1. I need the shape label for the range 259-321. Rule: rounded when a/c is under 1.5, else prolate if a/b > b/c, else oblate, with a, b, c from the alpha carbon gyration tensor.
2. Give me the dipole magnitude in Debye, nearest 20, for the chain about the Cα centre, with unit charges on the beta carbon: positive for Lys and Arg, negative for Asp and Glu.
3. Give the aspartates and glutamates whose C-alpha is closer than 14 Å to that of residue 207, dropping any in the same chain fewer than 8 places away, or say none.
4. Projecting each Cα onto the charge dipole of the range 1-97 (Lys/Arg +1, Asp/Glu -1 at the beta carbon, about the Cα centre), which of 4, 40, 91 comes out farthest on the positive side?
5. Show me the GluC sites (Glu not before Pro) within the range 201-283 that DSSP assigns to loop and that have at most 14 other Cβ atoms within 10 Å of their Cβ.
6. Counting other C-beta atoms within 10 Å, and keeping those with at most 12, which DSSP coil trypsin sites (Lys or Arg not before Pro) do you find in the range 106-201?
7. Can you compute the helix-only [θ] at 222 nm over the chain? Use -39500 (n - 2.57) per DSSP H run of at least 4 residues, normalise by all residues, nearest 500 deg cm²/dmol.
8. Suppose every K and R has +1 on its Cβ and every D and E has -1 on its Cβ; what is the size of the dipole of the range 143-283 about the Cα centre, in Debye to the nearest 20?
Amino acid sequence: MRVLTGIQPSGKLHLGNYFGAMKPSLALQEENEVFLFIANYHAQTTTRDPALLRGYTQDVALDFLACGLDPARTTFYRQSDVPEVHELAWLLSVVCPMGLLERAHSYKDKVARGVDANHALFAYPVLMAADILCVNAEKVPVGKDQKQHLEIARDLAGKFNRQVDAEVFRLPEPIIKDEVAIVPGIDGQKMSKSYGNTIEIFGSTKKIRKTIMKVVTDSTPLEDPKDPDTCNVFALYKLFATEEEQAALAEQYRAGGMGYGAAKKALADISEAHLEPFRARRLELEADLDYVNDVLREGAQRARAAVQPVLTAARRAVGLE
Ligand code: ADP
Ligand code: TRP
């Protein structure tokens, strides 16, 4: 199955990003033909500082490679290395009614939050449709907030096909990540950079331990039994632990006699054991940026090869060739 997903480069990754987005995307490479790209054209709608955009883009590349992206299996590229996507966005713009974009929640939400109301932000869903349709993706894993964008992509593919009376584009299906995957932050709300409640994946061990010690818990005394199912520390522990490890810690919660400090230590230990290899690998990659750039360049070549026939068919269908 051909699967595609895009990630906006927008700063340091946290455990919510890892368990909610990265790990599921990386799992797909086991059985699918995955296209994964860094949406740096899209990021321009919010990041105007060139050094920041360049840095964030490189960070995503390092983060994914450090966490296990296999470039032999996943076609990994920067969106801006596949400029054909803009030509396709234009061809889709031609069949895109204004009303479709005027109804987009994400545009209205971003403007309400103070993001510039410019044409790029308004046309964002058309570029996103082009990202997806240009490689003929069958499935697109996205968060719930992107569901409407997927519907717009399907809509535009259908309109284009009807207009030219040919199956130029395949209609992509979303894989919507379900709600249960929401990772709590140290204050118990959804972990998010906007709430300042995150635990970073690539922070130093010391910093991560310090942050974990701040995870909010209730005030049940040390000797009393505790409920693992309502505890933020346990919720985070579960993400890393095997079933047996989860059952063992849950048992200690219920038995009483274990304080939250000990549970936090268990969380710090297990997260360190999981994240340390990622951190070590990231340091190696940071020292070998030529390799990282080669991976992205080769990914872009593979992506462009997949895009070419689709774009040619679309150009022919509308009379540009
Ligand atoms: P943030 O909320 O920190 O700004 P983003 O909105 O940039 O994070 O999210 C990037 C990706 O990470 C999305 O696919 C989103 O679904 C996932 N994600 C972010 N926070 C969480 C969380 N707390 N739990 C699960 N997934 C999350
Ligand atoms: N809009 C997505 C986000 O903000 C990123 C994105 C851009 C994307 N193009 C895409 C996701 C194509 C999936 C498919 O998270």
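1. Here the range 259-321 falls in the oblate category.
2. Taking the Cα centre of the chain as origin, the dipole is about 760 debye.
3. Cα-Cα hits under 14 Å: 269, 272, 276.
4. So the residue we want is 40.
5. Sites meeting the loop and neighbour criteria: 223.
6. Working: sites: 108, 110, 113, 139, 144, 147, 154, 159, 162, 170, 177, 190, 193; in loops: 113, 170, 177.
Answer in residue order: 113.
7. Rounded to the nearest 500, the figure is -17000 deg cm²/dmol.
8. So the magnitude is around 800 debye.
The values are calculated or read from the model by the stated rules, or taken from the named source; none is laboratory data. Computed from a predicted model, the values in this text were never measured in an experiment. Cβ coordinates were reconstructed from backbone atoms using ideal geometry, including for glycine residues, and neighbour counts include every protein chain displayed. When the accessible area is computed, the model is the full protein with side chains, heavy atoms only, and any ligands, DNA or RNA have been set aside. Shrake-Rupley method; radii C 1.70, N 1.55, O 1.52, S 1.80 Å.
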